[in-house]
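Note sheet for the following structure.
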Amino acid sequence: MSLIYINSYAFGVALDPDAEAYITAVEGPSADNQALEPAVVTAINDFVVGCKADGIWSAIKASCILAGARTLAGALVPLVGSAPTNSNFVAGDYNRKTGLVGNAGNKNLSCNRNNNADPQNNFHMSAYASTFTSRVQYMMGSSDGNTGTSMFGRLTNDCFFRNRCSTRNDAAGAVAAGLIGTTRSTSSSFTARFGGNNTTFNTASQTPENRNIRLFTNDFLDSPTSDCRFAFYSIGENLDLALLDSRVATLLNDFGAAIS
């Protein structure tokens, strides 16, 4: 006998309250204005439940799943925190399985989360790139090199990171699809992740600058902006980037299987 889905419930099985609230908003009249497939609903619920089981959910203060939803408006519904502000993305930039692609020009998202909203030595930001490109680019951040900057981007042969610091920290290694981000839990060092690996930088923190965080660029809207495709971002307090990487990868794999 088939399960009957009514208002984002599998018959007899309640969703996690946070997952349910998000799904309801995505399905609502100001976003998709139609129901998600049952398997997409299950994937989202499993993601939220999994993040809670891993102990990383409470650290996420601003986040969007930039995939899964039927429409661009649905993809910009926040999972946590404030909705991002869309600058110039259109429906054709969005893919339900792989996310939102930049144009190395005028397209970006203001995450509407200030770099100084979280404690100086308790902070992460991340984005999941479903595709990378080889060009030098700014992927996410508040600014480039100011005191207390948080930022990451792509150089010719590696990536660079700042987490509440002005010093640029370069990490050589293969660039591959997956989570890219930074997390800090102490004043003396922070951890960066890309290409499925973590790197620790012994760089002291500085007072966080008072600037918004943007995806696909930084708050100065500096060139070179990103033409990567991002399917997720998060900002908030310190968390385990490897666990988040695994959860988002599973979510996107589930979307790929569920969406025709």
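The values are calculated or read from the model by the stated rules, or taken from the named source; none is laboratory data. Since the structure is predicted, the reported quantities are computational estimates derived from the model, not experimental observations. Neighbour counts run over all protein chains shown; Cβ positions are idealised from the backbone, glycine included.
When you scan region 246-260, how many residues do you find that are assigned to a helix (DSSP H, G or I), farther than 14 Å from Ile56 by Cβ and more than 14 Å from the chain's Cα centre (by Cα)?
The qualifying residues number 6.
Which one is nearest to the chain's Cα centre (by Cα), of the residues in region 179-226 that are free of Cβ contacts under 8 Å to residues at least 60 places away in the same chain and crowded, with 22+ Cβ neighbours inside 10 Å?
Step by step, filter region 179-226, then rank; the result is Ile180.
Identify all residues within region 227-245 that are within 13 Å of the chain's Cα centre (by Cα) and of a type in the set (S, T, N, Q); write none if there are none.
Result: Ser234, single match.
Would you point out the residue of region 151-184, among those that are outside any loop (DSSP other than H, G, I, E, B) and among the aliphatic types (A, V, I, L, M), that is nearest to Leu244 (Cα to Cα)?
So the residue we want is Leu179.
Going through region 132-150 one residue at a time, which ones are part of a strand (DSSP E or B) and either more than 21 Å from Ala242 (Cβ to Cβ) or touching a His at 6+ places or on another chain (Cβ under 6 Å) (or both)?
Across region 132-150, the qualifying residues are Gln137, Tyr138, Gly141.
Identify the residue in region 192-223 that is under 28 Å from Lys107 (Cα atoms) and hydroxyl-bearing (Ser, Thr, Tyr) and, among all such residues, is modelled with the lowest pLDDT.
Ser223
Any chance region 175-188 includes a residue that's β-branched (Val, Ile, Thr) and in contact with a Leu (Cβ under 6 Å, 6 or more places away or on another chain)?
yes
Every residue, every condition in (1) modelled with pLDDT of 95 or more; (2) polar (S, T, N, Q); (3) more than 30 Å from Ala257 (Cα to Cα), yes or no:
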position	(1), (2), (3)
Val101	yes, no, no
Lys107	yes, no, no
Gln120	yes, yes, yes
Ser130	yes, yes, no
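Among the strands (runs of 3 or more DSSP E) lying completely within region 40-116, list those that include at least 3 residues that are among the charged types (D, E, K, R) and either surrounded by 21 or more Cβ atoms within 10 Å (Cβ to Cβ) or out of contact with any Cys (no Cβ under 7 Å at 6 or more places or on another chain) (or both).
none
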